[in-house]
Amino acid sequence: MVLLEFSMTPMDKGESVSEYVSRSLDIIDKSGLDYRLTPMGTILEGEWDEVFGVVKECFERMRVDCNRIAVSAKVDYRKAPAGRLSGKLDSVEKRLGRKLKT
């Protein structure tokens with residue numbers, strides 16, 4: 001199972017890029033993969049080809065009308081069942097004995 005955190009930003013569209021980010025989130029939400037949106041990026045959970053397929057789809061959609069795109073990505077692979085996206089947080093909260101802001 002893969003956790004992939006990525007951000008994708010058009011470099012040629014000015015300061016506010018929520019129009020472009022929201023198009024990616026539409027693709028991500030419709031993909032059926034478990035995900036978490038954060039202020040600095042999005043985390044996907046799934047098999048290697050699934051998560052990278054979604055990133056590619058987001059890129060292909062963005063490049064239609066963006067001439068320069070910055071992409072950053074981090075990948076954590078582990079032979080484990082699905083559920084790591086929430087399981088990692090649950091584990092830390094259990095050790096602390098309290099809920100954290102997520």
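The values are calculated or read from the model by the stated rules, or taken from the named source; none is laboratory data. This structure is a prediction, so every number in the text was calculated from the model and none was measured. Heads up, the Cβs are rebuilt from the backbone with ideal geometry, glycines too, and the neighbour counts pull from every protein chain shown.
Tell me the residue from Ser22, Ser16, Ser31 that is out of contact with any strand residue (DSSP E or B) (no Cβ under 7 Å at 6 or more places or on another chain), polar (S, T, N, Q) and at pLDDT below 95, please.
None of the others qualify; the one that does is Ser16.
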### Task
Considering every residue within region 23-38, establish whether at least one is assigned to a loop (DSSP other than H, G, I, E, B), surrounded by 14 or more Cβ atoms within 10 Å (Cβ to Cβ) and out of contact with any Cys (no Cβ under 8 Å at 6 or more places or on another chain).
yes
### Message
Tally up the residues in region 48-69 that are surrounded by 15 or more Cβ atoms within 10 Å (Cβ to Cβ) and either in contact with a strand residue (DSSP E or B) (Cβ under 6 Å, 6 or more places away or on another chain) or of a type in the set (A, V, I, L, M, F, W, C) (or both), please.
### Response
9
### Summary
Within region 52-82, restricting to residues that are in contact (Cβ under 8 Å) with a residue 60 or more places away in the chain and assigned to a loop (DSSP other than H, G, I, E, B), the one that is nearest to Asp34 (Cα to Cα) is Ala82
